[in-house]
Amino acid sequence: MMKEGFYWIRVDGQIQIGRYVDQRAEYPDTGEMITGAWELVGIQSDVMNTRDVEILSDLLTPP
């Protein structure tokens, strides 16, 4: 199970930082209930579900 927080991720071929939140949501394509959503940070600011994201790093820690 993933921890909430910030990770390096890839979405649609672009690498950026995303914030993972542990919440239940409906997957729009199938209507299936899934756990986990991503809030994108940076150029593309959006909310994605876990199926659309490739995780590239462990949980980022503050400096």
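The values are calculated or read from the model by the stated rules, or taken from the named source; none is laboratory data. This structure is a prediction, so every number in the text was calculated from the model and none was measured. All Cβ positions, even for glycine, are placed from backbone atoms using ideal geometry, and neighbour counts span all protein chains on display.
If you go through the stretch 4-14 and keep only what is farther than 11 Å from residue 59 by Cβ and not aliphatic (A, V, I, L, M), you end up with 10, 12, 13, 14.
Taking the criterion of being over 10 Å from the mean Cα position of the chain (by Cα) and at pLDDT 85 or above, the residues of the stretch 36-63 that qualify are 56, 57, 58, 59, 60, 61.
Confirm whether residue 17 is among the β-branched types (Val, Ile, Thr), under 22 Å from residue 61 (Cα atoms) and modelled with pLDDT of 85 or more. So residue 17 passes the test.
Taking every residue in the stretch 9-29 that is over 12 Å from residue 55 (Cα atoms) and pairing it with any residue that is polar (S, T, N, Q), at least 6 positions away or on another chain, the pairs with Cβ-Cβ distances below 6 Å are 24/35; 27/49.
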